[in-house]
Amino acid sequence: CNFELFQYQECIDDCLIVEAKESSEENIYLKAQSYFMLEEYESSIKDYSRLIKLDPKNTTYLLNRGKSYLENKNPQKSIKDFEKCLIKNPKNKYIIEDLITSYKLINDFDGVLIYLNKLIRIDNRNIEALLFKAAIFSNNEEYAKSNLLYSKIIKLDPRQDQAYEGKGFCFYNLGKYEKAVNYFSEALEINK
């Protein structure tokens, strides 16, 4: 009841009393969830690790430990947990988004691209993913690839100012300043 009432510290206190007498998977899970909600990620990681030892095939435990690692700024460990979860749920876009975030935190943009591609295969209308992929291409000076993606985004959403701005930067970097001005102007028309 304390957990359902968002009284997480009280829930932890109750779980610790129960745990002193006997330990159960449900009790450890409630405690781990409560620690996570209180942003006590080290404690949630410890309890999720205990749960994974009890039930190694439980992807919920693995996913939640991965989220705890991610919040605790340990993306390398979150990647391992998320990738194990993805094996069992290969089309789960939320796990893929967590992997993108994790790889981004360690500045591994090859890893980011791998999972952006998976996300786009699942949802080829995901403008945020398409924008991110186009920006990576642009940063890698692959302006033709970047421009194609920005054009696709504009077809999906003609009011997407970031796509016009991105195309403007591509043309600017290619020395095509008149085209750059046109796309920057379009972006400004949409978003002053």
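Things to note:
- The criterion of at least 3 residues that are open to solvent by 50 Å² or more (accessible area, probe 1.4 Å) and closer than 29 Å to residue 137 by Cα is met by the following helices (runs of 4 or more DSSP H) wholly inside the range 1-111: 75-88, 93-105.
- Residue count for the range 159-178 satisfying the condition of being farther than 20 Å from residue 136 by Cβ and either under 26 Å from the mean Cα position of the chain (by Cα) or touching a residue at least 40 places away in the same chain (Cβ under 8 Å) (or both): 1.
- Criterion applied to 73, 21, 53 was being of a type in the set (Lys, Arg), without any contact (Cβ under 8 Å) to a residue 40 or more places away in the chain and more than 28 Å from residue 99 (Cα to Cα), and the one residue passing it is 21.
- Qualifying residue in the range 168-178 (condition: farther than 30 Å from residue 68 by Cβ, of a type in the set (Lys, Arg) and modelled with pLDDT of 95 or more): yes
Residue-wise test of (1) hydroxyl-bearing (Ser, Thr, Tyr); (2) within 28 Å of residue 39 (Cα to Cα).
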| residue | (1), (2) |
| --- | --- |
| 81 | no, yes |
| 92 | no, yes |
| 107 | no, yes |
| 120 | no, no |
| 146 | yes, no |
| 151 | yes, no |
| 169 | no, no |
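- Hey, residue 117 over 20 Å from residue 66 (Cβ atoms) and either out of contact with any helix residue (DSSP H, G or I) (no Cβ under 6 Å at 6 or more places or on another chain) or part of a loop (DSSP other than H, G, I, E, B) (or both) or not: yes
The values are calculated or read from the model by the stated rules, or taken from the named source; none is laboratory data. What you see is a predicted model, and the numbers here were worked out from it, not measured in a lab. Every residue, glycine as well, gets a Cβ built from its backbone with ideal geometry; the counts of neighbours run over all protein chains shown. Please note that ligands, DNA and RNA were not included when accessible areas were found on the heavy atoms of the full protein model with its side chains. Shrake-Rupley method; radii C 1.70, N 1.55, O 1.52, S 1.80 Å.
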